[in-house]
Amino acid sequence: MINFLKVLFSIVFVWMCYEVIDTCLHHNLFTEWNYLGGIAWMRATLWDFYANILVIYVWVCYKEKHIALKILWLVLLFCLGSIASCGYVLIQLFKLKPGEGVKHLFGKQNG
């Protein structure tokens, strides 16, 4: 299961990096913001996104003991979204010792 999760989150991480970079190269968010901000579904999607980031950040705060890492991940999650989420999960997956499973992924605090 852990190997499957490593592959899954790696694929999502690479895909999201590609999508964000490709979109940035073809469209400037700051010049299109007035149009995008006028779309109700865009606003709802942003609220949904940041609500999900908050949920993930609460987990990060549980996992991380050092305040500097908590602040760093807050900035990364809010600025990079799913790229940072996948990155954080991948880091946690690769920190697992042989024989540790999903239970350890979610429950074990970082030292």
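The values are calculated or read from the model by the stated rules, or taken from the named source; none is laboratory data. Keep in mind that what you see is a predicted model, and the values were worked out from it rather than measured. Every residue, glycine as well, gets a Cβ built from its backbone with ideal geometry; the counts of neighbours run over all protein chains shown.
Summary table below
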read-out: Lone qualifier among Leu46, Leu54 - being closer than 29 Å to Ile2 by Cβ, within 15 Å of the chain's Cα centre (by Cα) and not β-branched (Val, Ile, Thr); value: Leu54
read-out: Scan of the stretch 79-111 for residues that are under 14 Å from Asn3 (Cα atoms) and small (Gly, Ala, Ser), ordered by number; value: Gly99, Gly101
read-out: Qualifying position, being of a type in the set (A, V, I, L, M), modelled with pLDDT of 95 or more and closer than 23 Å to Val7 by Cα, among Leu69, Leu76; value: Leu76
read-out: Selected residue (only one of Asn34, Asn28, Asn3 is at pLDDT below 95, under 30 Å from Leu105 (Cβ atoms) and not hydrophobic (A, V, I, L, M, F, W, C)); value: Asn3
